[in-house]
Protein chains: 2
Amino acid sequence: MTKKVIIVGGVAGGATAAARLRRISEEIDIILVERGEYISFANCGLPYYVGETIKDRNKLLVQTVEGMSERFNLDIRNLSEVENIDPEEKTVTIKNLQTGEVYKETYDKLLLSPGARPIVPPIPGLDENQALFTLRNVPDTDRIKNYVDTQKPEKAVVIGGGFIGIEMAENLVDRGIEVTIIQMANQIMAPIDFEMASILHKHLKEKGVNLILENSVQAFADQGKQVILLDGTEIQTDMTILSIGVRPENELAKTAGLELGERGGIIVNDYLQTSNQDIYAVGDAVEVVDYINGKKAMIPLAGPANRQGRIAANNIMGKNEKYQGTLGTSIAKVFDLTVAATGNNEKTLKRLGVAYEVVHIHPSSHAGYYPGAAPIALKLIFDKETGKIFGAQAVGADGVDKRMDVIATAIKGNLTVEDLTNLELSYAPPYSSAKDPVNMAGYVATNIMLGDLEQIQWHEVDQVVADGGLLIDVREPKERENGYIPGSINISLNDLRENLDEIPKDQTVYVSCQVGLRGYLASRILKNNGFDVKNVDGGWKTYSSVYGVN
Amino acid sequence: MTKKVIIVGGVAGGATAAARLRRISEEIDIILVERGEYISFANCGLPYYVGETIKDRNKLLVQTVEGMSERFNLDIRNLSEVENIDPEEKTVTIKNLQTGEVYKETYDKLLLSPGARPIVPPIPGLDENQALFTLRNVPDTDRIKNYVDTQKPEKAVVIGGGFIGIEMAENLVDRGIEVTIIQMANQIMAPIDFEMASILHKHLKEKGVNLILENSVQAFADQGKQVILLDGTEIQTDMTILSIGVRPENELAKTAGLELGERGGIIVNDYLQTSNQDIYAVGDAVEVVDYINGKKAMIPLAGPANRQGRIAANNIMGKNEKYQGTLGTSIAKVFDLTVAATGNNEKTLKRLGVAYEVVHIHPSSHAGYYPGAAPIALKLIFDKETGKIFGAQAVGADGVDKRMDVIATAIKGNLTVEDLTNLELSYAPPYSSAKDPVNMAGYVATNIMLGDLEQIQWHEVDQVVADGGLLIDVREPKERENGYIPGSINISLNDLRENLDEIPKDQTVYVSCQVGLRGYLASRILKNNGFDVKNVDGGWKTYSSVYGVN
Ligand SMILES: Cc1cc2nc3c(=O)[nH]c(=O)nc-3n(C[C@H](O)[C@H](O)[C@H](O)COP(=O)(O)OP(=O)(O)OC[C@H]3O[C@@H](n4cnc5c(N)ncnc54)[C@H](O)[C@@H]3O)c2cc1C
Ligand SMILES: Cc1cc2nc3c(=O)[nH]c(=O)nc-3n(C[C@H](O)[C@H](O)[C@H](O)COP(=O)(O)OP(=O)(O)OC[C@H]3O[C@@H](n4cnc5c(N)ncnc54)[C@H](O)[C@@H]3O)c2cc1C
Ligand SMILES: CC(C)(COP(=O)(O)OP(=O)(O)OC[C@H]1O[C@@H](n2cnc3c(N)ncnc32)[C@H](O)[C@@H]1OP(=O)(O)O)[C@@H](O)C(=O)NCCC(=O)NCCS
Ligand SMILES: CC(C)(COP(=O)(O)OP(=O)(O)OC[C@H]1O[C@@H](n2cnc3c(N)ncnc32)[C@H](O)[C@@H]1OP(=O)(O)O)[C@@H](O)C(=O)NCCC(=O)NCCS
Ligand SMILES: [Ca+2]
Ligand SMILES: [Ca+2]
């Protein structure tokens, strides 16, 4: 019987597990060991404290050592590091970082929630860099904020265009700093695909951020005042944030002989048990199963860490609860926009060789006639044969989180794209349209499944035109003044029926419009008149988000 | 084969069906007959035009007769009324309301989407009332707006506290008018339950609205300048909006011998076919099946009308698509708050004799440490045996629509309350918490299913105390200064473990706190120490939303 549980790591997974354990039993001893000074802090809020959107530092501390000890009757040992595990003896070695004292503690069950740490590659000049920061915890944040407050940097370089990099870029801009982001890939925000990220690239530039893609840091010089890129570019800066990703804190697990995955994550079974049955592990440190494709993945997010912490606590206390895998639903604020995603993206599906179909739509966040509506770029990825939803992505100023959450829920409910058309979502003008964007994505996807709509993607258009394909832009002539796909001719939708004899029947005809809707209407007219026709998915809006305005 | 379709009614259901029919076939004749001048207008936007949130009248016209005729090659006959159907001959009689001309038109298939009309009971003085308005269409709106613009009324009475009544109240207040709402029931907004509506009652009062419940209009006097209530109260007013509900426009169907339901709705089968196989009907005029309880219901909402219009069009063209019934997801803006609901409420389940369990929680719309978070009062209703979700309701200033849409989607995916805990919803501080409010509702409900949490409801508390039950308020003493449940004693949560011997073991002990969370923690401590304990669901916040601050 479990009498004594030791938890390594006192934040998202660890603190949640501790609280849950105590709710299950008043009898067991719970020792929470945390290397840092603080437990249970708001990791996700840290960038916003630097940017002063969160003004009160105390707000970052969701719980204190004292508060949590008392409420949950815990033995919390902060500023203490678990240095070693002896799985045979069932003991851990703990070092008190204040006194230097090292001692052993026995356990019946051990839970590891040690998180992850920022990746710091051996870049030349790194050790001499006097203004290089990573961000993971409260001391990191204090360091950055203090530097900004006292050194008043004018320029900053952010290395890495993931969540933390982008959030830090925004928050440094909020502090009046000129920010350059350097990103190795051709896009920021890995969970979404290139054409969706392109909307963010443009927005970052509008906000004065200098975005450098497909480049990386070769070296730091001048004590970090200079960042030298792979292509030789030299950037002057007053500070640098290194945020190219995290790697699991797996040293303890490794030395204890626990099985690790390819990417270094601790391997756990469905019950979040490591290769040692008395040791559980959760959070950023563990390898999870991707809910969509069933492969192993590292998905370091707070929701999964909290959820796993609770499940591990349950199982430690003798329940038998499975962790269902991670869908990877994620979201970030990028200045005035929100970007969110759930499930798998195209890049992943391509890598795995899974056949999929894609839909891009650009509906309003709510009824267009009610003030404040903003367009949402919404991408749905699905299996054309079964209608299974693989994933979705959205970018927009309003209502993005709602649509991703609805689709994430639909995925968990095994709903198909056709089922999306039957979702009964709340509608009044300030909130949505009678057909919600999610319904609409479902309609378009279902039409593709049924063969009622055939389409080509933004990245296929130029080749089609180059190969002599006929592309008809069915917008009004005036709309073309703001840009059009090179090589397209113009027959507006309302004139189409009168101009059918001008359109060849012996070849596939391509149509496009602003967002895809009128192109679809045109394609229906043409199809029903015996033409072979394909619509440019997402219209000019998706195309131009990548290729810009000509 | 279908060659010619006549559609009666040119707005939500009718216009959608017409557009869809044309997308399916370029060949058929489609005649759209609409009594009014306008087709395809934004019914749901009408109150906001009166209130001048929507400033441009043209925005109410989603499509025009000309625009839609051309785009979809339709024969649209506005200002024309279908006066009669001859199902044997398969003809309708149409009256041109401008010329008075009456003529017949044949059809292969007929689609009825005639909507509903405001209920106008024979109140004495009604005919003499010079300032009485109902709101259904554009002319009604013009009439109201013109009256407000030119007569500059100081006072208005709104009869009926449903969606339209409440929206009109807000919009009249926005015009500087002093509004009195008269509602026959003990609450406004029928889709939610009393304790949830109580939050709105308070808010309306804060906004200066005079809310009169459990009263109704006996008569109008003085050409409508006086409204006399059932209890004799006389209210002076400059105008009155009558919005006590709608009844289906069923005259045509009735005279054509189509089967009608008890409440007058046109009866349709799963394929939206009436009792005559060549006549389909959709929208506010039809009786639907309640998705949760399987009973017949009238649910006059735009989403279902649009969806049904498309399905009917499909079936007219030979597809075989079932309408899945209506969940009744609904939403309204009530000044600074949003109220939304999905599925069945307690009142309905009680009426049907269904056993159910309820959870009230009060989470933040997003992480509390990030600015702008607002509490959501979230109610989840479920089957304690199976975990099936019966319905949900929410009231709050932010994030209400998202949570209702997620739960509406979960219902469609047959997810249980336990599945809600495993939803992976998007989390970053501006959008949610690591455990989203929907996850949290799932946790609480699951705890109830497992017997880990026992609770009593707000309406049971006073009786428990009156019967001598021990109610321990586990909040801090300071919190009680803002109000507490009469008869409760105070032992704060953090002092509970030291005071266990003061608590009797031979009787059920009741605990309460601010929102229910600390009460739950207290209940776990007590349960695990051998006490029999029940938590006041939703805490002081739910209790006081009904009983106010003492
Ligand atoms: C700046 C930032 C912003 C983020 N924003 C978001 C967001 O918006 N949304 C989101 O979903 N996620 C976000 N995350 C990720 C999220 O915070 C993590 O996924 C989550 O905290 C992981 O929980 P965990 O318990 O695995 O690790 P952590 O919360 O990091 O906790 C691990 C703890 O273990 C301690 N520890 C490690 N080894 C030892 C040892 N040997 N002995 C003692 N203690 C040890 C560490 O000191 C650390 O405090 C963000 C992260 C950061 C850093
Ligand atoms: C002020 C207001 C606000 C609303 N707000 C919302 C909201 O926020 N959310 C929501 O979901 N729903 C809302 N609704 C309800 C929504 O508008 C209706 O559910 C929807 O319009 C019903 O569609 P329908 O096609 O059945 O009827 P309608 O859209 O009303 O169309 C019926 C049409 O048929 C015509 N007609 C009737 N009989 C005949 C005949 N014999 N010959 C020719 N024409 C005929 C009528 O003139 C009418 O224009 C609101 C309604 C109103 C009035
Ligand atoms: C603060 C912290 C320790 C709280 O953990 P917790 O007690 O499990 O979580 P909460 O305070 O949200 O409470 C949830 C519990 O209360 C219950 N609960 C919530 N509201 C309730 C209500 N109104 N009535 C009854 N019970 C309620 C839930 O069922 C759940 O209990 P269960 O797990 O036993 O089912 C933990 O969330 C934490 O450390 N957070 C900060 C770190 C972090 O997550 N960082 C990453 C994100 S920034
Ligand atoms: C205006 C009106 C006639 C439009 O009807 P509609 O053409 O069916 O609807 P939409 O314009 O939204 O277009 C939806 C169609 O475009 C398709 N579509 C939408 N976006 C698309 C895109 N980006 N790419 C391809 N196709 C797209 C959908 O699949 C759907 O076609 P389908 O039904 O054949 O599958 C109708 O909605 C109406 O009358 N509205 C006002 C009245 C009303 O609803 N009032 C109550 C609410 S206020
Ligand atoms: Ca034309
Ligand atoms: Ca104490």
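Only the coordinates and a few stated rules stand behind these numbers; no lab work does. Everything numeric here is computed off the predicted structure, so don't read it as measured data. Because the Cβ atoms are built from the backbone with ideal geometry, glycine has one as well, and the counts that use them run over all protein chains shown.
Points worth noting:
- Label spacing, shortest first and in nm, from B:Gln226 to its equivalents in the remaining copies (7 angstrom along Cα→Cβ): 9.2
- Least to most buried among A:Phe41, A:Phe382 (fewest other Cβ within 10 Å first): A:Phe41, A:Phe382
- Ordered by the number of other Cβ atoms lying within 10 Å of each residue's own Cβ, fewest first, B:Val358, A:Val120 fall into the sequence A:Val120, B:Val358.
- Diffusion coefficient, µm² s⁻¹, Stokes-Einstein with Kirkwood Rh over alpha-carbon pairs of segment B:280-405 at 25 °C and 0.890 mPa s: 150 µm²/s
- Modelled spin labels at A:Thr386 and A:Asp149, positioned 7 Å past Cα toward Cβ, are 5.5 nm from each other.
- Histogram of C-alpha separations across segment B:455-547, 5 Å bin width, %: 3, 16, 30, 27, 18, 6, 1
- A simple spin-label model places pseudo-atoms 7 Å from Cα toward Cβ; at B:Met184 and B:Ala219 they are separated by 1.9 nm.
- Between segment A:1-44 and segment B:328-400, the Cα center-to-center distance that results, in Å: 31 Å
- A Cα-only calculation for segment A:177-290 places Rg and Dmax at 19.3, 53 Å.
- Mean projection area, nm², convex hull over Cα of the protein assembly as shown: 46.9 nm²
- With the convex hull of the Cα atoms taken as the outline of segment B:422-468, the averaged projected area works out to 5.0 nm².
- Label-point spacing at B:Asp86 relative to the other copies reads 10.1 nm, in ascending order, each point sitting 7 Å out from Cα along Cα→Cβ.
- DSSP bridge orientation in the protein assembly as shown - percent antiparallel, rounded to nearest 5: 55 percent
- Values of log10 I(q)/I(0) for segment B:380-499 across q = 0.11 Å⁻¹ run -0.53, by the Debye formula with one identical scatterer at each alpha carbon and no solvent.
- Tensor-based shape of segment A:392-431 (alpha-carbon gyration tensor, a/c under 1.5 rounded, otherwise prolate or oblate): oblate
- Separation between Cα centres of segment B:490-550 and segment A:507-529, rounded to whole Å: 64 Å
- Residues of type aspartates and glutamates that A:Lys347 reaches as a straight line, Cα spacing below 17 Å, ignoring anything fewer than 8 places off in the same chain: A:Asp193, A:Glu195, A:Glu214, A:Asp290, A:Glu357, A:Asp383, A:Glu460
- Spin-label pair B:Lys205-B:Glu502: with each label point 7 Å from Cα along the Cα-Cβ axis, the two points sit 3.4 nm from one another.
- Gained length - A:Lys347 relative to A:Asn528, 0.36 nm times residue gap less alpha-carbon distance: 61.7 nm
- Measuring against 27 Å, Cα to Cα, the residue pairs B:Lys295/B:Lys322; A:Lys322/B:Lys412; A:Lys145/B:Lys402; B:Lys402/B:Lys478; A:Lys3/A:Lys319; B:Lys350/B:Lys505 contain A:Lys145/B:Lys402; B:Lys402/B:Lys478; B:Lys350/B:Lys505 as the ones spanning a longer distance.
- All other residues whose Cβ lies under 14 angstrom from that of B:Asp140 are scored, Lys and Arg at +1 and Asp and Glu at -1, for a net of +3.
- Each principal axis of the Cα cloud of segment A:234-351 was taken in turn, and the coordinate range along them, longest first, works out to 54, 31, 28 Å.
- Bridging of B:Lys152 to lysines at a Cα separation below 26 Å is possible for B:Lys55, B:Lys59, B:Lys205, B:Lys207, B:Lys225, B:Lys333, once same-chain residues fewer than 8 apart are set aside.
- Note on segment A:126-244: antiparallel DSSP beta bridges, both residues inside, total approximately 30 percent of the bridges counted.
- The convex hull around the C-alpha trace of segment B:158-232, projected and averaged over every direction, spans 5.0 square nanometres.
- Kirkwood analysis of chain A, using all unique Cα-Cα pairs, places the hydrodynamic radius at 25.8 Å.
- Expected 222 nm ellipticity per residue - DSSP helices of 4 or more, -39500 (n - 2.57), all of the protein assembly as shown, to 500: -8500 deg cm²/dmol
- Residue of chain A whose Cβ sits closest to the axis mapping A onto B, with distance in whole Å: A:Gly413, 1
- Projected onto its three principal axes, the C-alpha set of segment B:336-450 covers 44, 29, 22 Å, listed from the longest axis down.
- Copy-to-copy label distances for A:Asn494, where each label lies 7 Å from Cα along Cα-to-Cβ, are 7.0 nm in order of increasing length.
- For chain A, the longest principal axis of the C-alpha atoms and the axis of helix A:302-316 are separated by about 50°.
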